[in-house]
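*Asks:* Below you will find the structure I want to go over with you.
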Amino acid sequence: MAIVKNAVYMKEVELPFCPGCGHSQILPQLDKAMAKLNLDPKKTVLVTDIGCVGLSDQYFNVNAFHGLHGRSITYACGLKMANPELTVIVLMGDGGLGIGGTHFINAARRNIDITVIVFNNFNFGMTGGEHSVTTPFGGKTATTYLGNIEYPLDACSLVQAVNGGFAARMTVFDKNLSDVIAEAISFKGFAVVDIWEYCTAYYVPRNELNKEKMLKLLETYGFKTGIIHKVERKEYIESYIETYVNQPLKSEKRVSLETEFGNNLTKKTGIIIAGAAGQKVKSSATVFGSSAILSGLYATQKDDYPITIMTGHSISEIILDKKEINYTGIDKPDYMLVIAPEGLAKVKKIIQKMDESANIFVDESLVSLLPETKAKIETYPFKKSANAIDRFSITILSLATFLARTNLFPVDALKKAVTLTQKKAIAEINLKAIDAGVKLVEEFVSVK
């Protein structure tokens, strides 16, 4: 085992790595780079990945974070974004690089100011020498015993492809390794140093790798060494602060839903609106819930809809109660509003389970499509009435009919909620729809 001497940030102890392991040579070079930059230990964080390299942070007198395999870059980004004053350095192997490849690419693309040092020994060293994303073509490992048939990943080219800030490729033999690491750390933006090294436990003996063969591999793949890519561009956190943080906040209209109306609710009540995309089911249900709050009630809303836009079902479940609601599921609704065939298709089984105490408010065009049910059925021309005003107003119109018929709380509360929560042009349409919905109760009550 290698013994650290003349260190500044490292503890002068015996390192735990295998004899000849490149990790024991790289870590003192990192210590030299940190000393060259005179980093504040209290403002420096080493984030280590899983693998042999994950043993490293405990030997440095700085802050440390050790997490899941391949996720070290995500932790580093979070630390840096939470406190931009920190110097954040990631130590990861080529195994972690492969597992966390998407994190590597996007941190580089965003140009987040962290430094990633890849301890690249061409295999998963801690778990038995399996092949990794950087294993050379033909390389023999525990999982490619006849030779690797994949082309090795070029980490520096990835950074260059996404216009990341800084990329360097070095070997453990390079005399200026500490200088390049220092330049990477001091660079304002994303920086990676891909360091080719030995895994003396597995890769070296299986492939008879030596310095000459390693340098030949670089030549074979056309992989240049030294600083491969360096571009000055705006760092991500600086851009974020400039664009979002240091901007005057837009004044937003705050709505206070204080109790202004009474209610006639006698029990916890579940209401389901079964409609279709484009019928403003969700937004109308929210307005209805707001009107319930204005009437001194508690209200919850749960929505169900497909990922598509303007097609498919749209269902809202609303629960009203005089006390706080802790369970938001509706096993058997007390009321069902059916205003579209798409919604009806999703709630048929629920309708079949509704009993004699429940009520269904259904558009006249859909009544023949209802399944067998014990619930009372009331039929109204919701669609026809809404089309005379605005076809998107069908949900708020049917809710007005429902309120006028059940008198759970005043229709005026629904009107007040519309006025408080919606833009003037939309509110004007919906107020007309509410009046039309109330009028339906007077003209078209049909109960089965």
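Just so you know, all these numbers are worked out from the coordinates, no wet-lab data involved. What you are looking at is a predicted structure, and each value in this text was computed from that prediction instead of being measured. Cβ: placed from backbone, ideal geometry, glycine included. Neighbour counts: every protein chain shown.
*Asks:* Helix 281-294 versus the longest principal axis of the chain: what is the Cα-based angle in degrees, 0 to 90, to the nearest 10?
*Replies:* Approximately 70 degrees, to the nearest 10.
*Asks:* So, one more: With unit charges on the beta carbons (Lys and Arg positive, Asp and Glu negative) and the dipole taken about the Cα centre of the chain, which residue among Leu86, Tyr327, Leu257 sits farthest to the positive side?
*Replies:* Ranked along the dipole, the leading option is Leu257.
*Asks:* A follow-up question, please. Within the stretch 27-64, list the residues whose amide N lies under 15 Å from a label point set 7 Å along Cα→Cβ of Tyr244.
*Replies:* Correct set: none at all.
*Asks:* Cα convex hull of the stretch 269-443: how many Å³ per residue? List each step's numbers first, then the result.
*Replies:* Details: hull volume 19.1 nm³, N = 175.
Hull volume normalised by residue count: 109 Å³.
*Asks:* Once percent of Cα pairs over 37 Å apart is worked out from the coordinates, which option in (1) 33; (2) 51; (3) 26 does it equal?
*Replies:* (2)
*Asks:* Nothing charged except the Cβ atoms of Lys and Arg (+1) and of Asp and Glu (-1): what's the magnitude of the dipole of the chain about its Cα centre? Round to the nearest 20 debye.
*Replies:* Magnitude of the dipole: close to 760 debye.
*Asks:* Restricting everything to alpha-carbon atoms, can you work out Rg to Rh for the stretch 274-313 with a Kirkwood hydrodynamic radius? Before the final figure, lay out the partial values.
*Replies:* On the way: Rg = 11.9 Å, Rh = 11.1 Å.
Reported Rg/Rh (Cα atoms, Kirkwood Rh): 1.07.
*Asks:* When all C-alpha to C-alpha distances in the stretch 23-243 are sorted into bins of 5 Å, what percent of pairs does each bin hold, rounded to whole numbers?
*Replies:* 1, 7, 16, 20, 21, 17, 10, 5, 2, 1, 0
*Asks:* To continue, here is another question. Tell me which aspartates and glutamates have Cα within less than 20 Å of Lys42's Cα, excluding those fewer than 8 residues away on the same chain?
*Replies:* Lys42 reaches Glu12, Asp31, Asp57, Glu85, Asp113.
*Asks:* Against the longest principal axis of the chain, how steep is helix 23-37, in degrees 0 to 90 to the nearest 10, with axes from Cα atoms?
*Replies:* Taking the Cα atoms of the chain, the angle to 23-37 is about 80 degrees.
*Asks:* If one computes P(r) from the Cα atoms of the stretch 114-161, what percent of pairs lie at distances over 14 Å? Write down the numbers at each step before the final one.
*Replies:* On the way: 581 of 1128 pairs.
Of all Cα-Cα pairs in the stretch 114-161, 52 percent lie more than 14 Å apart.
*Asks:* Could you order the peptides 148-159, 20-31 from most to least packed, using the average number of other C-beta atoms within 10 Å per residue? Please list the in-between numbers first.
*Replies:* Details: 148-159: 18.8, 20-31: 22.0.
Ranking, from highest mean packing down: 20-31, 148-159.
*Asks:* On a straight-distance basis, which lysines could pair with Lys234 in a cross-link, Cα separation under 19 angstrom, same-chain partners fewer than 8 positions away excluded?
*Replies:* Hits, sequence-local ones excluded: Lys80, Lys188.
*Asks:* Another question, then. With each run of n ≥ 4 DSSP H residues scored as -39500 (n - 2.57), what mean residue ellipticity at 222 nm is computed for the chain after dividing by its residue count and rounding to the nearest 500 deg cm²/dmol?
*Replies:* The per-residue figure over the chain is -10500 deg cm²/dmol.
*Asks:* Is there a quick way to get the dipole size of the stretch 23-243? I mean about its Cα centre, with the Cβ of Lys and Arg at +1 and of Asp and Glu at -1; what is the value in debye to the nearest 20?
*Replies:* 100 debye
*Asks:* Between the stretch 108-141 and the stretch 310-359, what's the alpha-carbon centroid distance in Å?
*Replies:* Here the two parts' Cα centres lie 54 Å apart.
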